[in-house]
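Just so it is clear, none of the values below were taken in a lab; they were calculated from the coordinates. The model shown is predicted, which means the values in this text are computed figures rather than measured ones. Positions of Cβ are generated from backbone atoms using ideal geometry, with glycine treated the same way; all protein chains shown enter the neighbour counts.
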Amino acid sequence: MAAGDTRAEGMTAIAIDAGTTVVKAVGYGPDGAELTVARRPTRVTRPRPGWAEQDMTAVWEAVASAVREVAAALPAPPGFVAVTGQGDGAWLIDGQGRPTGPAVLWNDGRAAGIVDGWERDGTVAEAFGICGSRLSTGMPNAVLAWLRAHDPDRIARSRHLLTCGGWLFHQLTGEPAVDESEAAAPFLDIARRTWSDQLFELYGVEWARDLLPELRDDDHRVAALAPAAVAGTGLPPGVPVVLAPYDICATAIGSGAVSAGRACTILGTTLSTEIVTDTAATGSPDRAGAEPVGITVPLGVPGHYLRAFPTMSGGDMLDWGARLLGLSSAAELMELAERGAGDTAGVRFLPYLSPAGERAPFFDPAARGSLTGLSLDSSREDVARAVVEGVTLAIRDCLAAAPAVPGLLTLSGGGTRSPFWMRLIADVTGVPVAIPADAEIGARGAWLTGAVATGREPDFPAAAARQVRIAASYEPDPARAADGRFAEFLRLRELHRPVWALGRERTSGGTGAGA
């Protein structure tokens, strides 16, 4: 439909955002307002230390159920459905479109030994020069290499390598596809935005090239709903289905970050701090010669890229801190932290709790968290504040690795419900903070992508200007600047690296993570 078409202006729509632990379906009215939201929990299983998997069929059923609920609540049938989801990992299907096993997720650590080998032989640095993304254990190249070595039968039974969003798009349309944003790390030549034969050779997975489905760029996002998906979803036959960029890109778009220099942080299962650029160049001008870090992917907005630093842990560290202190929720942790001393009474927290270590803004599968500076004078309030501050310093660390200093940092996710944390983020980063009004920012970004792809909106800048609203903003307080605390944070991390190395030596070969 062309922009300005009265049918386009009068239609409702549905956007799907399939996160790691919760999938959401959001219904939008003709004016773009959120009308209804359906959420379904999804289960991450960890059958062995360092592993993270999901039942692909269960994820699809959760999405179909949420969509069915939203479709029934809308005042009119949706004019399109847009889908985004968690990135990376390996969601493998056979020639009939059936899963060949559980999805291996982005935060899976079984391939740590393989990635370590790529680090030692220079593959990581060479690949970064081509794809602009730092390799991590949950990326599909590492997972495929591990499966080829340890579960070759599954590779033999697999026909297509998908991601979460691609799996859902396939279930909705019957078409296997991968968006450029998800293909970029680790298989695209980011400058040319094409598959790189050199990268497949570098990783030693030339055989995997045939598993890659059709690459979808900004002009080829739409397919029709398959008849097989009608009954399960309650959607009208043939409704356009839009493959949006994956969740970190969709969230950037949904927060209004659609032009160069805009930045956002997702306060989700991962902390993903991101800045929009108009080139595929990587790295910060202030950190010349630093190790390859972060990822660079096409944003989904023509001519723009996203330089992103997704950590291995995020909101789950706040949940951990709450459990440690006998609290029932991260919200209670924030309330306790607000009562703690501004200097945390000397308690410090390194926020590296993922069993897979850390991937941004540095890479070390052996990285582990720690609480230091404890004494008999330390209170529960001080420990709570140290945990929250440590997670916040990780956001600043990612901003320091970005290619430019943003003038505004848009935040999204459940953590935005804490005014204390929002003020702390502004103070620690030194950047003004804005909170969008929408409850589901990733879904809003998928909806905006769908609106542009189907002609409801003429382009992304116009769509963001019309549809992204700010609910609250926070200015940094110079009296609470954290330059000294950040420098201390970096020094403390370097002091812990030898301890991490000792831990790696003790556990190497014992968890099935080796090559």
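Numbers at a glance
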| item | result |
| --- | --- |
| Estimated distance in nm for a label pair at A260 and D483, the labels positioned 7 Å out from Cα along Cα-to-Cβ | 2.8 |
| Proxy reagent accessibility, fewest Cβ within 10 Å first, across D153, D17, D278 | D153, D278, D17 |
| Rounded, prolate or oblate (a/c below 1.5 giving rounded, otherwise prolate when a/b exceeds b/c) for region 182-302 by Cα gyration tensor | oblate |
| Computed lengthening from E214 to Q96, 0.36 nm per intervening residue step minus Cα-Cα distance | 40.9 nm |
| Length added when fully stretched, D459-R157, from 0.36 nm per residue minus Cα-Cα | 104.6 nm |
| Cα gyration tensor category, rounded, prolate or oblate, for the chain with a/c compared to 1.5 | oblate |
| Residue exposure sequence - H496, H150 - by fewest surrounding Cβ within 10 Å | H150, H496 |
| Span from the region 419-440 Cα centroid across to the region 60-136 one, whole angstrom | 28 |
| Cβ-based exposure ranking for H160, H220, in which fewest neighbours within 10 Å come first | H220, H160 |
| Within the chain, helix-based [θ] at 222 nm, where runs of 4 or more DSSP H residues each add -39,500 (n - 2.57), nearest 500 | -11000 deg cm²/dmol |
| Prolate/oblate/rounded label for region 397-443 (Cα gyration tensor, a/c 1.5) | oblate |
| Trypsin sites (Lys or Arg not before Pro) within region 176-231, DSSP loop, no more than 11 other Cβ atoms inside 10 Å | R192 |
| Part-to-part distance (alpha-carbon centres) for region 316-351 and region 227-285, which is given in Å | 30 |
| Beta bridge orientation in the chain: antiparallel %, DSSP, nearest 5 | 75 |
| Gain upon complete extension [A439, E61; 0.36 nm per residue less C-alpha separation] | 133.8 nm |
| Förster radius 60 Å - calculated FRET efficiency between S328 and A149, Cβ distance, rounded to 0.05 | 0.90 |
